[in-house]
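The values are calculated or read from the model by the stated rules, or taken from the named source; none is laboratory data. All figures in this text were calculated on a predicted structure; none of them were measured in a lab. Ideal geometry is used to build each Cβ from the backbone, glycine not excepted, and the neighbour counts take in all protein chains shown. Only protein heavy atoms, including side chains, enter the accessible area calculation; ligands, DNA and RNA are left aside. Shrake-Rupley method; radii C 1.70, N 1.55, O 1.52, S 1.80 Å.
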Amino acid sequence: MAQYLYKAATLDGNTVEGIMDGSSEETIVQSLHQLGYIPIRIVSAQEKRGGLRFPSFISRRVGLKNLLTFTQELSTLIAAGLPLDRSLRILGSLTENERLSEVVKDVLKRIEGGNSLAEALGNHPRIFPKLYVNMVKAGESGGFLEVILSRLALYLQHSKEIRDYLISVMIYPLILTLVSGASIAILVTFVIPRFARIFSDMGQTIPLATQIMLSVSHSIKSYWWVGIGIMIVIYLGLKIYLQNEERRLKWDRFKLKWVGLGDIFQKIEVARFSRTLGTLLQSGVAILSALTLVKEISQNLVVSRSITHVHDRLREGKAISRSLEEVGVFPPLAVHMIAVGEETGRLDEMLIKIAETYEENVRTTVKRFVSLLEPLIILIMGLVVGFIVISMLLAIFSINEIPF
């Protein structure tokens, strides 16, 4: 048995919280239902104690995790039969993120003032994107808001899972690179200069490899700020270069052709396009409006313009699959699956299947790429460290040639 901290709502809109013993979260949920409570949040007491306390400026940042939690909890309360205003009042007091709590309270005020939920959320575009607002708007107009919130929560959860996976698999190569780079920096800036002083005092001719290493060490130690300046110039130059739409289009097209990474970028865009469009269609958003929203969330200008082409062709009466085939950006498998969805009248379901297929494909491809990247990093760092060690050993061996 373990202890769980719970927050729940009563049927009259009040909130309760406490500690309950149970074997799992499911048993806690059942126990709360038996008490007539609506579970909002359940956290293991051990997990709560081990949690990190973030500075206030971080707690005011509303991230994907905060938005997902808010959507899940609002969906739970609405599905349990609580009125929207009461649900928002509960979440406004329970939300741990300071910024989101303020926004929820503002949304509640606007709703009490006569605005719809979609209109109230639309006043905070940095937290609630257009896709989110339009899905809520469709749910309100169709009278199935709880269903839309559930789909939104599922959509955000999938987006978070794929993002967290990509971050987690890249942590080890990043740490490996940083540690190896720091080790080389210490050798070059602190260890090698000591050897340089020894050899300069002896006045002995040193091997070529050692001379090269000493020159590199001297350059890095004396002109490290030049390297940092070059990196800053490259970063700012690339940022200015990409401000022009046509140049950004060329860059995004180039990214899709990168060896190894281009295939991953393409699959991520296909998965994002398919899941977003499929979720919007399932939520009752008109297909032309849905394509406009999907275009706005695309992070690649080539894909965004392809969606614009599909949108225009669809207005002319052409099928989505035929239009996607014309632009040649999407993989043939995705185009064929979309064609099948159009033929069977189940386009929304087929798009979700495409998203699941390519999300899994992304995981497999990234895992394979990282498995090749890790030994490559080790090999490169090993060669660099090996060259440093050998150059130093050659210099040490040359000491035997010094006449005493």
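What number of residues within region 381-396 are out of contact with any Pro (no Cβ under 8 Å at 6 or more places or on another chain) and within 17 Å of Ile186 (Cα to Cα)?
Number satisfying all stated conditions: 11.
Considering only region 252-266, how many residues are part of a helix (DSSP H, G or I), among the hydrophobic types (A, V, I, L, M, F, W, C) and open to solvent by less than 70 Å² (accessible area, probe 1.4 Å)?
Of the residues in region 252-266, 3 are part of a helix (DSSP H, G or I), among the hydrophobic types (A, V, I, L, M, F, W, C) and open to solvent by less than 70 Å² (accessible area, probe 1.4 Å).
Looking at region 267-296, which of its residues are touching a Phe, Trp or Tyr at 6+ places or on another chain (Cβ under 9 Å), open to solvent by 20 Å² or more (accessible area, probe 1.4 Å) and among the aliphatic types (A, V, I, L, M)?
Hit for region 267-296 is Ile268, nothing else.
So that you can scan it fast, the table gives a plain yes or no per residue for (1) surrounded by fewer than 20 Cβ atoms within 10 Å (Cβ to Cβ); (2) aliphatic (A, V, I, L, M); (3) in contact with a strand residue (DSSP E or B) (Cβ under 9 Å, 6 or more places away or on another chain):
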site	(1), (2), (3)
Ile90	no, yes, yes
Arg110	yes, no, no
Ser141	yes, no, no
Leu149	no, yes, no
His158	yes, no, no
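Output the residues belonging to region 297-313 that are of a type outside the set (Ser, Thr, Tyr), open to solvent by 40 Å² or more (accessible area, probe 1.4 Å) and not in a loop (DSSP other than H, G, I, E, B).
Of everything in region 297-313, those that are of a type outside the set (Ser, Thr, Tyr), open to solvent by 40 Å² or more (accessible area, probe 1.4 Å) and not in a loop (DSSP other than H, G, I, E, B) turn out to be Ile297, Arg305, His309, Asp312, Arg313.
Say we look at region 314-352 and pick out the residues that are open to solvent by less than 20 Å² (accessible area, probe 1.4 Å) and among the polar types (S, T, N, Q); which of these is nearest to Phe254 (Cα to Cα)?
Step by step, filter region 314-352, then rank; the result is Ser323.
State which residue is nearest to Ile307 (Cα to Cα) when the search covers only region 233-251 and only residues that are exposed (fewer than 10 other Cβ atoms within 10 Å of the Cβ) and not acidic (Asp, Glu).
Ranking the qualifying residues of region 233-251, first place goes to Gln243.
Which fully enclosed helices (runs of 4 or more DSSP H) of region 17-94 have 2 or more residues being at pLDDT 85 or above and either within 22 Å of Lys105 (Cβ to Cβ) or of a type in the set (S, T, N, Q) (or both)?
In region 17-94, 64-79, 84-94 are the helices (runs of 4 or more DSSP H) which contain 2 or more residues that are at pLDDT 85 or above and either within 22 Å of Lys105 (Cβ to Cβ) or of a type in the set (S, T, N, Q) (or both).
Answer yes or no as to whether Glu119 is crowded, with 16+ Cβ neighbours inside 10 Å, in contact with a Lys or Arg (Cβ under 9 Å, 6 or more places away or on another chain) and of a type in the set (D, E, K, R).
Yes: the conditions hold for Glu119.
Here is a check on your reading of the model: is Leu178 open to solvent by 30 Å² or more (accessible area, probe 1.4 Å) and under 30 Å from Leu394 (Cβ atoms)?
yes
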